[in-house]
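Engineer: After the C-alpha cells below, expect a handful of questions from me.
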Amino acid sequence: RTGAADQPERDADRAIEALGGRGHLVGHSYGAVTAMLAAQRRPDVIRSLVLLEPACYDVARGGRGVEGHIRGMAPVFAVADDPQVDGEEFLARFAAGMGAQMPDLDAGACETIAARIRATPAPWEVDLRTDTPRLVPTLVITGDETPMYTEVAAALEAQGATHLALPGTGHRPQDSDEGMAAICRWQEEHSA
C-alpha cells in the first residue's frame, strides 16, 4: 500500500503493471475488487484470478447477506467526511457495522486507520462486471460461509468461476494449508 487509501481504479492499473507481462492475480477481501477490475481491463495479461472472501458486492446485489451488509455499513461511509466523528468513533461504528469488536488501539492509531478507511470507496460502489470468470479463469475461496461472501461466490460461479468453500478458515482461508494448496494448484493448472 503506497497511497492514502485503497483506490481500486488506480490500484487495478498498478496490479497490471506489476505483472510485467502475463501472470496470476490474487485478491483478498477488498483487494478482490481491485483484482477483478484488473482482470476486466486486461484479461489478455492475466493467466488466472483467485478471489479470497471477495468484497465484490456489486456482482451480488439483491442477496440478503450483501444487502444486509450494505445496510449496516452505509451509515458508516455516510459519516466518512464528518469532522465531528473522530477516528475512534469512526472505527467503533465501522467495527459495529461489520459485527466485530472495536480493536484496542491508541488514539493515534485510530486516526491513522480511520483516515485510510474514510478515503476508500465503499466496495459496493465500485462497478464490476459479472462476466469476469468468462474472461479469466477464476477461483473463489470462501471461509466460514459468511452470507455476503458466499453470495458473491455464487454470483461468480453462475458465470463460470470455481468456488471452493473451506469451513473453519474464517476471513483468511489463504492462511490454511488447504487454502494455500488450492491457490498453488489453480495457478499451476493455468500457467500455460
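The values are calculated or read from the model by the stated rules, or taken from the named source; none is laboratory data. Model, not experiment: these values are computed from the prediction. Cβ placement follows ideal geometry from the backbone for every residue including glycine, while neighbour counts extend to all protein chains displayed. The accessibility values were calculated without ligands, DNA or RNA, using every heavy atom of the protein model including side chains. Shrake-Rupley method; radii C 1.70, N 1.55, O 1.52, S 1.80 Å.
Engineer: Considering only the stretch 133-158, how many residues are aromatic (Phe, Trp, Tyr) and within 17 Å of Leu37 (Cβ to Cβ)? Before the answer, list the steps.
Structural biologist: Let us first name the residues in the stretch 133-158 that are aromatic (Phe, Trp, Tyr), namely 149.
Right, trim to within 17 Å of Leu37 (Cβ to Cβ) and you get none.
Of the residues in that region, 0 qualify.
For every residue, the table says whether it meets (1) acidic (Asp, Glu); (2) buried (at least 23 other Cβ atoms within 10 Å of the Cβ); (3) outside any loop (DSSP other than H, G, I, E, B); (4) in contact (Cβ under 8 Å) with a residue 40 or more places away in the chain.
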| position | (1), (2), (3), (4) |
| --- | --- |
| Arg10 | no, no, yes, no |
| Asp13 | yes, no, yes, no |
| Glu17 | yes, no, yes, no |
| His24 | no, no, yes, yes |
| Val33 | no, yes, yes, yes |
| Met36 | no, yes, yes, yes |
| Ala39 | no, yes, yes, yes |
| Asp44 | yes, no, yes, no |
| Arg47 | no, no, yes, yes |
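Engineer: Filter the stretch 19-50 for residues that are within 19 Å of His190 (Cα to Cα) and of a type in the set (A, V, I, L, M) and give the result.
Structural biologist: Leu19, Leu25, Val26, Ala32, Ala35, Met36, Ala38, Ala39, Val45, Ile46, Leu49, Val50
Engineer: Restricting attention to the stretch 64-80, which residues are within 22 Å of Leu164 (Cβ to Cβ) and surrounded by 19 or more Cβ atoms within 10 Å (Cβ to Cβ)?
Structural biologist: Val66, His69
Engineer: Another question about this same structure. Can you list residue pairs whose Cβ atoms sit under 7 Å apart, with the first residue in the stretch 88-102 being free of Cβ contacts under 8 Å to residues at least 24 places away in the same chain and within 10 Å of Gly72 (Cα to Cα) and the second being part of a helix (DSSP H, G or I) and open to solvent by less than 50 Å² (accessible area, probe 1.4 Å)? Count only pairs 6 or more apart in sequence or on different chains.
Structural biologist: From residues that are free of Cβ contacts under 8 Å to residues at least 24 places away in the same chain and within 10 Å of Gly72 (Cα to Cα), the pairs are Arg93/Val76; Phe94/Val76; Phe94/Ile117.
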